[in-house]
Amino acid sequence: MDEIQMIEFARTGDLDAFNRLVLAYQDAAYSTAYRLMGDRVAAEDVTQDAFISAYRNLSSYRGGSFKAWLLRIVMNAGYDELRRNKRRPTTPLEPDGLDGEDLDEPAWLRDPGETPEESAMRAELNRAIQTCLDGLEVEFRVVVVLVDIQGMDYREAAESIRSPLGTVKSRLARARSRMQECLKGFRELLPAGLRLETEGIP
């Protein structure tokens, strides 16, 4: 059964088909929720709420990327939780002065070809990255999670957050710059190559 068939069966109330969709996307959904919330328990709650909402609202799916549709629901559930708990105030921002041109993969997410010593520090580096993500306004954090962590292209990310392509590109450029700046404070956790790249940032 392919994805389209599973969606159609799930729309008729077939829980087995929907459970297959859950299994296919639960890792992406949880990862997105965790990076957005910065808390594992909250991420689990958001993911569960998102899948329940997705099941109830399958009739609103109109084709296109099912992953983008699902992750939009995850993000909406996360936004609701953040607003309820006032974890971090959100202010819509539209960066000025950025041309929105495509960027290469950011230095802080490249595979550095880890040595055993660097591998042992991976968990700490992951925590550092999450700390820097938590420092971003939610609007910027979301585009980093979708593009740099979930691997979406700009079009899919724009579809997920229902924003113009240029908005996604400009927010991502600003967010990547701030992530690199933040990670300069964790130089001891970065592999040598990444330390050199972050030190070169003015």
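What the table shows:
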{"quantity": "Filtered residues of the stretch 29-61 (kept if more than 19 Å from Thr131 (Cβ to Cβ) and among the acidic types (Asp, Glu))", "calculated": "Glu44, Asp45, Asp49"}
{"quantity": "Pairs, first assigned to a helix (DSSP H, G or I) in the stretch 1-30, second exposed (fewer than 13 other Cβ atoms within 10 Å of the Cβ) and of a type in the set (A, V, I, L, M), C-beta under 8 Å, six or more apart", "calculated": "Phe9/Met1; Ala17/Met1; Arg20/Met1"}
{"quantity": "Test: residue in the stretch 160-175 that is closer than 23 Å to Arg83 by Cα, loosely packed, with under 14 Cβ neighbours inside 10 Å and modelled with pLDDT of 80 or more", "calculated": "yes"}
{"quantity": "Qualifying residue in the stretch 62-73 (condition: part of a helix (DSSP H, G or I), of a type in the set (Gly, Ala, Ser) and closer than 16 Å to Gln130 by Cα)", "calculated": "no"}
{"quantity": "Filter result (in contact (Cβ under 8 Å) with a residue 12 or more places away in the chain and aliphatic (A, V, I, L, M)) within the stretch 31-60", "calculated": "Ala33, Leu36, Met37, Ala42, Ala43, Val46, Ala50, Ala54, Leu58"}
{"quantity": "Residues satisfying the stated conditions in the stretch 52-79, i.e. over 13 Å from the mean Cα position of the chain (by Cα), closer than 19 Å to Asp14 by Cβ and buried (at least 22 other Cβ atoms within 10 Å of the Cβ)", "calculated": "Ala54"}
{"quantity": "One residue from Gly97, Gly151, Gly113 being part of a loop (DSSP other than H, G, I, E, B), at pLDDT 85 or above and either in contact with a helix residue (DSSP H, G or I) (Cβ under 6 Å, 6 or more places away or on another chain) or loosely packed, with under 12 Cβ neighbours inside 10 Å (or both)", "calculated": "Gly151"}
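The values are calculated or read from the model by the stated rules, or taken from the named source; none is laboratory data. Just so you know, these numbers come straight off a predicted model, no measurement behind them. Neighbour counts are summed over all protein chains in view; Cβ atoms, including those assigned to glycine, are modelled from backbone coordinates with ideal geometry.
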